[in-house]
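**Q** Okay, here's the structure, questions in a sec.
The values are calculated or read from the model by the stated rules, or taken from the named source; none is laboratory data. Keep in mind the model is a prediction, meaning the values are calculated, not measured. Counting neighbours? That spans all protein chains shown, and the Cβs are built from the backbone with ideal geometry, glycine included. The protein model used for the area step is the full one, side chains on, heavy atoms only, and it has no ligands, DNA or RNA in it. Shrake-Rupley method; radii C 1.70, N 1.55, O 1.52, S 1.80 Å.
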Amino acid sequence: MESEPESALQVFGDRIELARRFTADLAQFGEQLGLIGPLEASRLWSRHIINCALVGPYLRAGGRVGDVGSGVGLPGLVLAIARPDVDLVLIEPMERRTDWLLAETQRLGLTNVTVLRARAEEVAGTGALEAGRFDQVTARAVSALSKLIPLVAPLVRPEGELLFLKGARVSDEIAAASAVIRKHRVHDVEVLELGAGVVPEVTRLFRATVGGAS
């Protein structure tokens with residue numbers, strides 16, 4: 001397992017112990033349960049945990065955030081650890097992964113997490129939106145923007161935000177999704193580069209607003 005970098009304490013502050021426990025659990029059980037690949041334990045902190053936590057400051061205080069395709073909890077569980085003032089709904093269709101998310105939420109004692117077994121397009125029929133649409137939706141390594149935006153934009157309240165962790169070709173994805181972006185009234189699109197000097201490769205955050213003025 002990768003040694004904890006100095007930046008971890010900087011990013012998590014007084015939540016560092018929870019972050020350490022989650023990282024250790026992933027390292028211990030992730031490959032065994034088929035949740036992470038065999039090479040990932042050697043870069044859990046830098047490539048995954050801190051990478052996700054850098055999005056934390058962009059969550060709205062007191063907000064309700066849907067994390068689509070949560071997988072092993074990246075970024076959903078990491079953000080729940082980093083931002084206890086935000087409610088996270090982790091949306092994941094695979095039973096093996098939702099079992100992990102539920103168990104890990106309990107092990108860590110997180111009270112701001114709900115785990116929902118569903119695909120993004122099924123969420124409206126689950127009752128998860130009875131409390132209203134999400135203030136923000138996050139996703140990491142789910143699919144290209146042209147496919148992702150039509151699935152998640154309906155889950156966001158007017159003037160809510162999309163916060164997607166993307167790769168180096170995010171500009172190409174934005175160009176390819178231009179028609180979809182217009183159709184779903186997505187505006188104020190920007191790409192933020194986070195973590196320079198903190199992680200080996202910067203985190204690229206696609207950030208945009210849904211509905212309202214365009």
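**Q** Please report, as a whole percent, how much of the solvent-accessible surface of the chain comes from carbon and sulfur atoms (probe radius 1.4 Å).
**A** 49 percent
**Q** Explain nothing, just the number: relative contact order of the stretch 113-158, from Cα pairs under 8 Å at least 6 residues apart, as a whole percent.
**A** 49 percent
**Q** Would you mind checking which residues have amide H under 5 Å from Ser70's amide H? H placed 1.01 Å from N; only 5 or more apart, or other chain.
**A** Hits under the 5 Å cutoff: Ile91, Glu92.
**Q** Viscosity 1.306 mPa s, temperature 10 °C: Stokes-Einstein D of the stretch 160-204 from its Kirkwood Cα radius, in µm² per second? Before the final figure, lay out the partial values.
**A** Values: Rh = 11.8 Å.
Taking Rh from Cα pairs, D becomes 134 µm²/s.
**Q** For the stretch 109-214, which GluC sites (Glu not before Pro) are both in a DSSP coil and crowded by at most 16 other Cβ atoms within 10 Å? Working shown, then result.
**A** Working: sites: Glu121, Glu122, Glu130, Glu159, Glu161, Glu173, Glu190, Glu193, Glu201; in loops: Glu130, Glu201.
The qualifying sites are Glu130, Glu201.
**Q** Check every DSSP H run in the chain and write down those whose alpha carbon atoms cover 15 angstrom or more along the long axis and whose mean Kyte-Doolittle hydropathy is -1.0 or greater. List each step's numbers first, then the result.
**A** Details: long enough: 16-29 (19 Å, 0.21); 95-108 (19 Å, -1.19).
The answer, listed by residue number, is 16-29.
**Q** Enumerate the amide H contacts of Gly160 below 5 Å, restricted to partners 5 or more residues apart or on another chain; note that Pro and chain-start residues carry no placed amide H.
**A** Amide H neighbours of Gly160, under 5 Å, 5+ apart: Val210.
**Q** Would you please give the FRET efficiency between Glu193 and Glu159, computed as 1/(1 + (r/R0)^6) with r the Cβ-Cβ distance and R0 = 35 Å, to the nearest 0.05?
**A** Working: r = 24 Å, r/R0 = 0.70.
Efficiency for this residue pair is about 0.90.
**Q** Taking a probe of 1.4 Å, how large is the accessible area per residue of the stretch 85-158, in Å²?
**A** Working: 3480 Å² over 74 residues.
That works out to 47 Å² per residue.
**Q** Take Gln28 and Met94, extend 7 Å from each Cα along the Cα→Cβ direction, and tell me the distance between the two endpoints in nm.
**A** Once both label points are built, they end up 2.2 nm from each other.
**Q** For the modelled label position 7 Å from the Cα of Glu201 along Cα-to-Cβ, which residues of the stretch 63-85 have backbone nitrogen atoms closer than 20 Å?
**A** 71-76
**Q** Now for a separate question. About the Cα centre of the stretch 3-161, how large is the charge dipole given +1 on each Lys and Arg Cβ and -1 on each Asp and Glu Cβ? Please answer in debye to the nearest 20. Please report the intermediate quantities before stating the final value.
**A** Values: 17 positive and 20 negative charges, 37 e Å.
It works out to roughly 180 debye.
**Q** Would you mind calculating the gained length between Leu129 and Ala61 on full extension (0.36 nm times residue separation, minus the Cα-Cα distance), in nm to one decimal? Display every interim value, and only then the final one.
**A** Numbers: separation 68, 0.36 × 68 = 24.48 nm, distance 1.92 nm.
Result: 22.6 nm gained on full extension.
**Q** I've got another one for you. If you count only protein heavy atoms and use a 1.4 Å probe, how large is the accessible surface of Asp188, to the nearest 10 Å²?
**A** Spelled out: Asp188, probe radius 1.4 Å, area about 110 Å².
**Q** In whole percent, what relative contact order does the stretch 140-198 give with Cα contacts below 8 Å and a gap of six or more residues? Don't jump to the answer; show the numbers that get you there.
**A** On the way: 26 pairs, mean separation 25.7, N = 59.
Across the stretch 140-198, relative contact order equals 44 percent.
**Q** So if I take the centroid of the Cα atoms in the stretch 128-162 and the same for the stretch 33-49, what is the distance between those two points in Å?
**A** 26 Å
**Q** Ok, one more. What number, in percent, do you get for the relative contact order of the stretch 77-214 if the mean sequence gap of Cα pairs under 8 Å and at least 6 apart is divided by its residue count? Please report the intermediate quantities before stating the final value.
**A** Working: 211 pairs, mean separation 26.8, N = 138.
Once normalised by length, the contact order is 19 percent.
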